[in-house]
Amino acid sequence: MNLLMVGAGLSGAVIGRMMAEEGHDVTILDARDHIAGNCHTERDAETGVMVHVYGPHIFHTDDAEVWEYVNRYETFLPYKHQVRTTSQQQVFSLPINLHTINQYYRKTMRPDEARAFIEEVADKSITDPQTFEEQALRFVGPDIYEAFFKGYTMKQWGVSPTELPASILKRLPVRFSYDDNYFFHAYQGMPENGYTDMVERILDHPGITVKLSTRFTRDMAEAYDHVFYSGPLDGYFDYESGRLGYRTLDFEKFTETGDYQGCAVMNYGDVDVPYTRITEHKHFSPWEEHEGTVCYREFSRECGPDDIPYYPIRLMEEKAMLGTYVEKANAETGVTFVGRLGTYRYLDMDVTIREALDTGRAFLQHAADGTRMPAFAKPPL
């Protein structure tokens with residue numbers, strides 16, 4: 001078959017490689033002038049530091065097949081993600097752990113004592129938390145909520161925590177140990193030569209043609225047997241039912257000599273600090289040594305028509321609109337919507353790759369059976 005992948009990020013690359021290995025002709029388009037989507041990495045010309053151009057991407061997974069897959073195309077070296085936060089003129093470790101709790105309250109509690117203490121300061125009148133704020137007050141109490149969650153969340157999402165669902169906070173752990181490893185997954189690492197190098201190797205197949213700086217239009221689909229679309233779901237339909245809500249990021253890049261902040265990520269929890277965090281990129285490659293250093297101040301805001309969409313908001317208004325677009329997508333033939341933008345879901349890289357592998361296999365099975373491939377291998381709702 002003659003197949004089109006819209007987007008040269010992880011979804012398009014993984015599905016495209018699978019299709020090419022099965023003997024199909026694959027064309028991959030991307031509107032940008034580079035491959036690898038938002039996990040694109042490149043060397044900074046001034047310092048030589050490997051920079052995560054669209055913000056930090058840390059690879060972590062419990063999926064053994066996905067870990068084996070990425071290591072087939074790139075050597076992943078050990079990396080332990082540790083995050084700090086500056087709040088109320090102090091520096092604390094994240095996620096909230098026993099050291100954070102003892103430091104904040106100036107105590108020396110053991111795990112069982114800290115667990116009992118947090119339960120004591122929590123708002124036990126909240127029995128069924130519905131909002132982000134209620135979830136925080138019920139499980140960590142007002143002090144930790146104010147110091148670590150409230151200001152950061154307001155800056156990140158641009159709304160009061162009373163308007164956000166409790167599910168957002170449920171992803172953030174509280175640990176009653178001194179373990180400050182941000183992720184608990186079995187496999188964690190960073191690509192030795194960056195993500196773009198990895199994606200380039202995935203795309204290195206004679207059956208794959210890559211066309212950059214090329215914007216997809218729906219009439220292009222007529223020349224192909226099937227399209228895998230990883231662009232914005234609403235964009236495929238020319239936003240005819242409105243624009244789905246996203247947050248976008250602005251990066252203020254600066255360079256220094258030496259070590260600027262001593263860690264890869266420093267969050268800023270106080271609402272009067274306009275940025276959410278500073279990332280120092282050489283710490284993402286701890287096996288390298290550089291005299292200079294590259295940092296990004298990260299600002300979150302509402303995504304406009306010409307901005308890069310990062311985080312789907314998925315509040316009630318967006319979910320209603322999403323339902324409309326899902327109906328439109330299900331009525332289409334010859335196209336499958338994939339990835340973060342195509343399914344309007346926040347996806348980590350390992351989940352994106354897992355879903356791409358599953359989608360590719362499902363397509364091959366439908367082709368073998370002579371049945372129709374659905375619009376979504378993983379429905380957005």
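No value in this document is a laboratory result; all are computed from the given coordinates. As the structure is a prediction and not an experimental result, all values here were calculated from the model. Neighbour counts run over all protein chains shown; Cβ positions are idealised from the backbone, glycine included.
Observations on the structure shown:
- Residue-averaged 222 nm ellipticity for the chain, from DSSP H runs of 4+ at -39500 (n - 2.57), nearest 500: -8500 deg cm²/dmol
- Cα-based helix-to-principal-axis angle, 111-121 vs the chain, degrees rounded to 10: 90 degrees
- Dipole of the chain, positive direction: furthest Cα of F284, A20, A147, with charges on the beta-carbon: A147
- Largest mean-square fluctuation among M18, M266, M316, in a Gaussian network model of the chain whose springs join Cα atoms under 10 Å apart, belongs to M316.
- Angle in degrees between helix 10-21 and the longest Cα principal axis of the chain, rounded to the nearest 10: 40 degrees
- Pairs over the 24 Å Cα-Cα cut-off, from the set K319/K378; K155/K328; K211/K319; K80/K170; K124/K170; K170/K253: K155/K328; K211/K319; K170/K253.
- Tilt relative to the chain, helix 316-330 - C-alpha long axis, 0 to 90 degrees, to 10: 20 degrees
- Size of charge dipole - the chain - debye, nearest 20, with Cβ of Lys, Arg +1 and Asp, Glu -1, no other charges: 680 debye
- Relative contact order %, the chain, counting alpha carbon pairs below 8 Å whose residues are six or more apart: 25 percent
- Among I126, I308, I15, the residue with the largest mean-square fluctuation in a Gaussian network model of the chain, with springs joining Cα atoms closer than 10 Å, is I126.
- The packing ranking of peptides 348-355, 253-260, highest mean first, is 348-355, 253-260, where packing means the average number of other beta carbon atoms within 10 angstrom of each residue.
- Each of the peptides 147-159, 113-125 was scored by the mean count of other Cβ atoms within 10 Å over its residues; in descending order, highest first, they stand as 147-159, 113-125.
- Whether the chain is rounded, prolate or oblate, judged on the alpha carbon gyration tensor where a/c under 1.5 counts as rounded: prolate
- Projecting the Cα positions of N193, G242, G37 onto the charge dipole of the chain (unit charges on Cβ atoms of Lys, Arg, Asp and Glu, taken about the Cα centre) puts G242 furthest along the positive direction.
- Whether the range 83-170 is rounded, prolate or oblate, judged on the alpha carbon gyration tensor where a/c under 1.5 counts as rounded: oblate
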